[in-house]
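I have placed the structure first, in the form of C-alpha cells, so that the comments after it can refer back to it.
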Amino acid sequence: MKNKMATAALLSKKFIAAAVFGLAATASAENPISSYHYLADPSAASDGDTFYILTDTDDMCVSSDPFAYNIIGLYAFSSKDMVNWTDHGLIFQSKREFGTYPGNTWASGIAVRNGRPFIVYPDGASGVGMITAPSIDGPYTDPIKEAYNVNYIAANWGSSFLGNCDDIDHCFDPGIFFDDDGSGYVIFGGGSTSSVKRPIGNNFDIIKFSENNGKVTLDKSSLKRISAEKSFEAPYIHKHGDWYYISFNNSGQEIGYGMSKNPAGPYTYKGIAIGAVWQINDCETHSCDGGNNHQGFADFKGKTYAVYHDRRLVRAKEHPASLGVVDPEPGNHRSVSIDEITYAADGTMNKLVFTKEGPKQVGKFDPYQTYKALTSSKQRNVRSRTDWTKGQAVKHVLTPLATKESWIRVTGVDFGNGAENLRIKAANVGNGNKVEIHKGSVTGALAGSCELAKTSGWQSYTDNDCAMTGLTGVVDQLFFVFKGSADSTMGILEWEFQGTKREPEPQTPFGGKAWAIPGTIQMENFDEPGYGVGNDSYFDNDEENHGDSDLRKGTGVDLYKKSNNRVVVGYNQKDEWLEYTVNVSKAGDYTMFAAVASANATSGFKLSLDGEKLTDEILVPKASAGEENYDDYNKVSANVTLPAGQHILRFTVTGDWMDIDYINFVAGKDAKDDAPIGVDPVVDPVDTVGSVVDTSGTSIGRMNLRLSSSSYMIFDLQGNQLGIVDIAGKNVARTLNANGFAKGVYMLKQVNGSKKMMVNVTK
C-alpha cells in the first residue's frame with residue numbers, strides 16, 4: 001500500500017451534489033463506508049463501547065488481470081456512533097508478519113474480548129488460523145502457536161491449526177464467536193452441490209476454544225459438523241437475546257440463517273436475512289450485480305447491525321477507488337456497507353432493508369479527543385497508506401489529492417462551549433499545503449485554516465496548531481478540505497480539537513517531585529507527559545492498558561497488580577520507552593540495579609540520560625520455572641556514571657515481553673544492592689514510631705508506622721497533592737523529611753489501596 005498513489009477522475013456534478021449537500025441535515029453517513037478503496041467480505045464485532053468491522057481488501061485486484069482474485073490483506077474500521085468511521089488501515093497482510101503464511105486471507109472473521117481483537121483467517125482454501133493483538137492496530141501474533149509451541153503445531157497441524165480440515169470441501173470463510181461465559185467458537189467451511197465430500201447444507205465445522213490473557217487453547221475433541229439447510233459458504237454465528245443465529249451465503253447468493261438455543265446447534269432453518277446484492281436499487285450504472293455476498297452481525301447499544309458487501313462503488317458513474325482503472329471488473333471490486341436489522345417478536349430476523357444512508361447516528365461525536373486522520377462519515381478524492389514496522393502497531397496515513405476537490409466529512413459534531421484550536425499532526429513534503437475547516441458544506445462558513453509546516457520527510461511528523469472560530473454547539477456536518485499545489489505531498493496522521501490553544505508544556509515528575517539518586521525509582525510512576533513535540537514522557541505501541549491496574553489510566557502503558565500492593569510495568573515490547581525526572585545528589589559512579597522478569601530469552605532494555613547513552617543493552621534472564629512465569633523476578637545491574645543535578649532518565653525496551661518493577665541506584669562502582677528482591681530499601685530500621693494527629697493537627701497518640709505497602713500520595717491540610725513517596729518498611733515521618741518535606745502535618749493516602757493516615761513531621 002505504501003505510496004500507491006494515482007489520480008482518480010472527478011465525480012459527476014450529480015454525484016457531488018448528493019455527497020456534499022444531500023445529507024447536510026441528516027445524522028447518518030452514506031453507504032458504502034469507504035469511497036477511496038475497494039473492500040469485501042466484512043465481519044463485525046462489538047465490545048459495547050466500539051463497533052468493529054473487519055474486511056478484505058479488493059484493492060489488490062487492480063491488475064492486468066481484471067479477474068485476479070488475490071486477497072492478501074485485512075482492513076479494520078471502528079465507530080462509536082455508527083456514522084463516523086475510523087479507518088485503521090491495512091492491519092494485517094499475508095506473509096508479512098509471519099514470513100511463510102498465510103496465503104490468501106479470504107473472508108476472515110473477528111471477535112473482541114476484553115478489548116483484544118481475535119481474528120480467524122483462511123490460508124487460501126487449505127486451512128484456518130488465528131491471530132490476536134493488544135488492540136485493533138496490532139501488532140498481531142499467533143495465539144495458538146504461542147500456546148502450543150511452534151514445533152508442535154508444525155508436526156501435528158501444519159500451517160493451519162485444523163490440519164486436514166476434517167475433509168471439508170472448501171476450508172475457508174471462518175467465523176469466530178465468544179459466548180457470554182467466555183467460551184470461544186470457530187466455525188468454518190463451505191461446499192457445493194457437486195461436492196463428493198460434503199454436499200450443500202452439510203458443509204460446516206465448529207470447534208470450541210478457551211482464551212486466557214491472549215493465549216488460546218483448542219478443544220480438538222469438540223470438533224463437530226453442523227448442518228445448515230441450504231448453506232453454501234460464509235458461516236457466521238452471533239447471539240441476540242437467548243437465541244444463537246447461524247448465517248451463511250446460499251447458492252443463490254442470499255444470506256440465509258437458522259436459530260438454536262446452543263451455539264453448537266442443532267440449528268433450525270428460518271429463511272433469508274439479507275437478499276442478493278442485485279436487489280439493491282441505488283447503483284448509478286448497470287445494476288448492483290456481480291457475484292456473491294458476505295455478512296456479519298453484531299449488537300451495539302441496543303440495536304443489531306448487519307454488514308455486507310455490494311458493488312455500489314464500482315457501479316458509480318465514476319470510479320473514485322479504482323486508481324485509474326477505466327472500467328474495473330465489478331465482481332472482484334466490492335465495497336462494504338452497513339444497515340440496521342431488526343427482529344420479530346419470536347426472535348426471527350426481519351429481512352434487511354438496504355439503504356443508501358446507512359444507520360442513524362448513536363450519540364454525538366466528541367471532537368475533543370485525538371483521532372486517526374481517516375475518521376469520517378464521507379470522503380472525496382483522498383488516498384491513504386499504511387506504514388508498517390514489524391512488532392509495532394500500524395500507522396494509517398491520509399494522503400489527499402489536494403489539487404482536486406479533496407475532503408473528509410465528520411457528522412454530528414458536538415463542540416459544546418466551543419473549540420478555539422485544532423491540532424493536526426502531519427508530515428509535509430510539498431509547498432502551500434493547508435487544511436481548511438468548513439461548516440455545512442465544502443464551501444460553507446470557514447472556521448479556520450491550517451497551514452502545514454514543512455517536514456524533513458514522509459516519516460517526520462509535527463504538530464500544527466490552528467485557531468478556530470464559530471465552532472460551538474452541534475455542527476451537523478464538518479468538512480476538512482485539503483488544498484495544495486501537488487497531490488499526495490502531505491501525510492496526515494491524526495487530529496483533535498481543543499477548547500483553547502495550548503502552548504508547548506514540558507513533562508513533569510509524577511507527583512511533582514523528581515526521583516532522588518541514590519534511591520529507588522518505581523517504574524509505574526513515570527513522568528506526567530507534557531504537550532507538544534518532544535514533551536512526551538512515554539511511548540507505548542498502542543493506546544490500551546492491557547494490565548489490571550488503572551493507576552496511570554489514559555496513558556496506554558500496561559500496568560499489572562502484584563502481591564503486597566505492588567504495581568509493575570508489563571507487556572513491554574521493543575522500542576517502547578518511559579521517562580523519569582531524576583535529581584542526582586552528587587556526580588560520580590553508581591551501580592544501577594533493576595528488578596525484572598521475563599519468559600523470553602531475548603528480552604532486554606537500555607538506559608539513557610538526557611538523550612545520551614547511559615548503558616548498553618541489558619539482557620533480562622528468562623524465568624527459571626515455566627514458560628509463562630512472570631513472577632520469577634531477578635536483579636540485573638550495570639555500572640553508570642552520572643552528573644549531578646536534575647536530568648531525564650529514559651528506559652527503552654530492546655527485546656519483547658518483559659516486566660519491570662523498579663530500578664535502584666546505589667553510590668559507587670560495583671556497589672552492593674541495598675534493595676534485594678522482595679525487600680524495599682529501609683531509611684531507618686530502628687525508629688518506627690511516629691506521632692498520629694487528627695485533622696486539626698492535635699496529637700492523639702503514637703503508633704508503629706512501618707508499613708507493608710509501597711507508595712503513598714502526600715497532601716497538605718488544604719488537600720493539595722505535594723508528591724508521592726515510597727514508605728514501605730520505613731519510618732514515615734523521617735522518610736518524609738528525608739524527601740524534602742519540612743516540619744508540619746501531612747495527610748497520606750495509599751496510591752493503590754484504601755489506607756489513609758496523617759503524619760506530623762517534627763524536624
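Structural remarks
- Set of lysines near residue 434 by C-alpha distance (under 24 Å), chain-local residues within fewer than 8 positions excluded: 2, 4, 372, 378, 395, 404, 425, 454, 483, 501
- Dipole of the stretch 540-633 computed with +1 at Lys/Arg Cβ and -1 at Asp/Glu Cβ about the Cα centre; of 593, 570, 623, farthest Cα towards the positive end is 593.
- Backbone geometry of the stretch 660-673 corresponds, through the Karplus equation with coefficients 6.51, -1.76 and 1.60 at θ = phi - 60°, to 3J(HN,Hα) couplings of 9, 9, 7, 10, 10, 10, 10, 5, x, 7, 6, 6, 7, 5 Hz, x marking Gly and Pro.
- The GluC sites (Glu not before Pro) found in the stretch 295-398 that occupy coil by DSSP, while having at most 16 further C-beta atoms within 10 Å, are 318, 357.
- Calculated from backbone phi, Karplus (6.51, -1.76, 1.60) coupling profile of the stretch 584-589 in Hz, x at Gly/Pro: 8, 5, 8, 5, x, 8
- Mean Cβ neighbour count within 10 Å, used as a protection proxy, ranking 84-97, 426-439 highest first: 84-97, 426-439
- Which of 106, 407 is most accessible, then next, and so on - probe 1.4 Å: 106, 407
- The lysines whose alpha-carbon is closer than 20 Å to the alpha-carbon of residue 224, local same-chain residues fewer than 8 away aside, are 197, 208, 239, 261.
- Full-extension gain in nm, residue 563 to residue 215, via 0.36 nm per residue minus C-alpha separation: 123.0 nm
- Fraction of accessible area attributable to carbon and sulfur, the stretch 299-365 (%, probe 1.4 Å): 50 percent
- Remark: spin-label model distance residue 230-residue 353 equals 2.2 nm, labels positioned 7 Å along the Cα→Cβ axis.
- Filtered trypsin sites (Lys or Arg not before Pro), the stretch 233-309: DSSP coil and at most 16 other beta carbons within 10 Å: 261, 301
- Accessible-area value, residue 561, 1.4 Å probe, nucleic acids and ligands omitted, Å²: 110 Å²
- Förster radius 25 Å - calculated FRET efficiency between residue 600 and residue 183 (Cβ-Cβ, nearest 0.05): 0.30
- Largest to smallest accessible area among 665, 715 [probe 1.4 Å]: 715, 665
- Å² per residue, accessible surface of the stretch 333-464 at 1.4 Å: 35 Å²
- Net length gained if the chain between residue 360 and residue 287 were fully extended (0.36 nm per residue, minus Cα distance): 23.7 nm
- Zone of residue 242's modelled label, taken as backbone nitrogen in the stretch 258-299 under 15 Å from a point 7 Å along Cα→Cβ: 260-263
- Per-residue SASA remark: residue 724, around 30 Å² accessible (1.4 Å probe; ligands, DNA and RNA not included).
- Ignoring lysines fewer than eight residues from residue 613 along the same chain, the ones with Cα atoms less than 26 angstrom from its Cα are 390, 513, 574, 586, 622, 635, 669, 672.
- Separation of alpha-carbon centers, the stretch 314-370 and the stretch 242-294, rounded to whole Å: 16 Å
- Accessible area expressed per residue, the stretch 254-328, with surrounding protein chains retained (probe 1.4 Å, Å²): 36 Å²
- When peptides 592-598, 262-268, 138-144 are ranked by their average number of other Cβ atoms within 10 Å per residue, the highest-first order is 592-598, 138-144, 262-268.
- Relative packing of peptides 576-585, 276-285, 375-384 - highest average C-beta neighbours within 10 Å first: 375-384, 576-585, 276-285
- Accessible surface comparison of 591, 342, probe 1.4 Å, protein chains only, largest first: the order is 342, 591.
- Linear extension gain, residue 672 paired with residue 113, 0.36 nm per residue minus alpha-carbon span: 196.7 nm
The values are calculated or read from the model by the stated rules, or taken from the named source; none is laboratory data. All of these numbers come straight from a predicted model, not from anything done at the bench. Cβ sites come from the backbone with ideal geometry, for glycine too, and all protein chains shown count toward neighbours. These area figures cover heavy atoms from the full protein model, side chains too; ligands, DNA and RNA do not enter into them. Shrake-Rupley method; radii C 1.70, N 1.55, O 1.52, S 1.80 Å.
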